[in-house]
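One structure is given here, and the rest of the page talks about it.
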Amino acid sequence: MAYRRTGRTLAAAILVVVPAVPEPGTARQSLPAEKAGPVTSVGTARQLLPADKTGLVTSAGVASKVWATVQRAGGLGEIFHPDLNTPRVRSLSFVVAGPAGDETAASVATALAEDRGLSFRQRLSGSAGRWRLALSYATDPRRDTVLVDVGFTAPPGYRLRAVLDGDAALVGSPGFDARTGLIRGRHTTLALGFGSTAGRARDTGLASLRRGFGTAAREYAAGWRGYLGGLREPPAVADRTLWRVSAMVLAALEDKTHRGAYVAAPGSPWAFGRDDPSGPYHLVWSRDLYQIATGLLAAGDRAGATRALDYLFTVQQRADGSFPQNSRVDGTPVWGGLQLDEVALPVVLAYQLGRTDAATWGHVRKAADFLAGFEQDGNRAPWSPQDRWENQSGYSPATIAAQIAGLVCAASIARANGDLPAADRYLRIADSWRARVKQWTVTSTGPYSPGRYFLRLTKDGEPDAGTAYDIGDSGPSGVDQRRVVDPGFLELVRLGVLPASDPDVRGSLPVIDAQLGAGPFWHRASFDGYGEKADGSEWDYPLPADSLITRGRAWPLLNGERGEYLLAAGDRAGARAQLRILASASSPSRMLPEQVWDQYPPNRPLGTPSTSATPLAWTHAQYLRLAANLAAGRVLERPAAVAGRYSHTSPSSSRS
């Protein structure tokens, strides 16, 4: 998911700070918002905060259109309103002033407040435990307000201030001075209200504050318990808490206005934190949405998966039937790239949902016709302008697997609608691509094995040729394509194009383990540079080729993919082990990351979340999917039409 983005920076935020609600029985002082002291610290070079969030807070319902992220260093990060593309607040942080000046927390611990709700609490303490700060977070399910329960204990001489950086109305009671952000006393509730005007934001915050944190938090928790009550029970093989959190994280990443628009993650890692705050992880990606939808299906949220497909059909391009590389939640395309797996996977999802109605067939036919006739720069499908890691063109096993499965699924839907000529055409093309997939992507002359193995991709469909290309992301240039591998060929098995026993699949696994293994995890591809620099600092762009400045770290979702392969191969114990390893990558607050630290410098603990996007929806979806598959004893998302067609035949291994 090497997302690229250049664009606008975040405009200067307008801060509205309104007076605190008075204590019962006291008169409210009239203090115009524009005269209140600015509780803000706008003006940093980084527009958004680090993306390794330790929590995500939003109501289960759609009445409250606000999302808040929890920061690893304490306090809240980006708060989105009224949709998941619009961060209105950069941070709500807390400053403790002691006798010697401002102090930062010596320790910060974030934990789930309960395992059946998407609520979090933080415990911060100063050096030698001189002061302690307890924070609990929720949103008001009835209105656009984020609520924070604040408990502060310290000896005389210490003061606590709330610092708001963004566009919201901050109110609090008891003991909150809006003019300075000062919090007096041991216990206070803060409310961040949002609205179309300063007055409406203030009124929203005040209304939530009058309800009280306890009342709103109980309703908030009940909403999530209700959502979980409509899902399957966690399977015995799963970590029950992580299963529930994964389902809630996926649900939380759905926009509340544009239903079915699930974004990839609530944070923007590394250099993307300087970018236009609407992207790129805050965008909707067709591939990620397919992964999310299959995770929702695994958890039992068929309605959510159906909304995801309906959303995809709304963003399908009318001119040619393709799908945008990514889009805002309102459907506006953002980047201009084209990835053919992102065109095929919505068709697979339609089949998995059993959607054979005429309207669905109209969308499926457009996408399938696009795949069948695609041509660019003298190349024809299944060659793709971008692979699933988005920075290389060519013949990719993973992308070809999606296209074959998409066409076979399209044929099934065509037949259900009486269009037999279209069905026959799609099947002929799918069969021809399957017959040649190894000719395009399996080398017998590579340096990693005396036998045959799958490549990440070939530029020219000639896997035994030493065709060279530049890796990108500070990686080497002019690399022989036979030296670049990734585990994407496992998609051929997951989607039913090849059997798990295929000799080239089995022969490629030791190559992947030797070249990409990172303890119990795997890197995503040879020479990958999409990750932190060697000293642990941020990935950035542009990066000079051959510099090896950045290092792609290990991806836990790949453990889920390997687990699905092992299950398909009949190794249930091995698949269970991969589920446990995937679960071990979660943070203490049960957030699953995009990447984890590997065995390379800066030598952080192996398998702990890196500073990549956390939580990543794809990783949580993969956890749900593997757990459900283990419970069922088979790969549930494998299309029966594909597996049935190809279960008894093998593609050619010749070089015709």
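Some values worked out for this structure:
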item: Filter pass, Gly151 being of a type outside the set (Phe, Trp, Tyr) and surrounded by fewer than 20 Cβ atoms within 10 Å (Cβ to Cβ); result: yes
item: Search result, residues across segment 193-222 that are small (Gly, Ala, Ser) and assigned to a helix (DSSP H, G or I); result: Ala198, Gly199, Ala201, Gly205, Ala207, Ser208, Gly214, Ala216, Ala217, Ala221, Ala222
item: Helices (runs of 4 or more DSSP H) contained entirely in segment 223-315, each with at least 1 residues that are assigned by TED's automatic domain parsing to the domain that holds Glu538, surrounded by fewer than 23 Cβ atoms within 10 Å (Cβ to Cβ) and among the small types (Gly, Ala, Ser); result: 240-252, 302-315
item: Unique residue being under 23 Å from Leu206 (Cβ atoms) and modelled with pLDDT under 95 when the list is Ala105, Ala100, Ala45, Ala36; result: Ala36
item: Residue list for segment 437-447, filter: crowded, with 18+ Cβ neighbours inside 10 Å and either in contact (Cβ under 8 Å) with a residue 60 or more places away in the chain or more than 32 Å from the chain's Cα centre (by Cα) (or both); result: Val437, Lys438, Gln439, Val442, Thr443, Gly446
item: Matching entry among Arg274, Arg355, Arg302 (being within 28 Å of Glu78 (Cβ to Cβ), touching a residue at least 40 places away in the same chain (Cβ under 8 Å) and charged (D, E, K, R)); result: Arg274
item: Which numbered condition Asp102 fails, given (1) surrounded by fewer than 18 Cβ atoms within 10 Å (Cβ to Cβ); (2) under 22 Å from the mean Cα position of the chain (by Cα); result: (2)
item: Segment 183-202, residues that are touching a strand residue (DSSP E or B) at 6+ places or on another chain (Cβ under 7 Å) and either in the same structural domain as Ala628 (by TED's automatic domain parsing) or buried (at least 17 other Cβ atoms within 10 Å of the Cβ) (or both); result: Ile183, Thr188, Thr189, Leu190, Ala191, Leu192, Gly193, Phe194, Ala198, Ala201, Arg202
item: Any hit, segment 129-145, residues being modelled with pLDDT under 95, outside the structural domain of Ala252 (by TED's automatic domain parsing) and among the basic types (Lys, Arg); result: yes
item: Subset tally (residues that are farther than 17 Å from Arg244 by Cα and within 30 Å of the chain's Cα centre (by Cα)) for segment 107-130; result: 8
item: Any hit, segment 538-549, residues being closer than 27 Å to Thr54 by Cβ and among the aromatic types (Phe, Trp, Tyr); result: yes
item: Unique match (being outside any helix (DSSP H, G or I) and either of a type outside the set (Ser, Thr, Tyr) or more than 32 Å from the chain's Cα centre (by Cα) (or both)) among Pro450, Pro421; result: Pro450
item: Residues (free of Cβ contacts under 8 Å to residues at least 12 places away in the same chain and in a strand (DSSP E or B)) located in segment 48-105; result: Gly101, Asp102
item: Selection count where residues are acidic (Asp, Glu) and in a strand (DSSP E or B), scope segment 117-152; result: 1
item: Unique match (being without any contact (Cβ under 8 Å) to a residue 60 or more places away in the chain and within 24 Å of Pro609 (Cα to Cα)) among Arg551, Arg482, Arg524, Arg562; result: Arg551
item: Selection count, segment 316-354, where residues are among the basic types (Lys, Arg) and surrounded by fewer than 20 Cβ atoms within 10 Å (Cβ to Cβ); result: 1
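The values are calculated or read from the model by the stated rules, or taken from the named source; none is laboratory data. Only a predicted model underlies this, so the values are computations on that prediction, with no experimental measurement involved. Please note: Cβ atoms are built from the backbone with ideal geometry, for glycine as well, and neighbour counts cover all protein chains shown.
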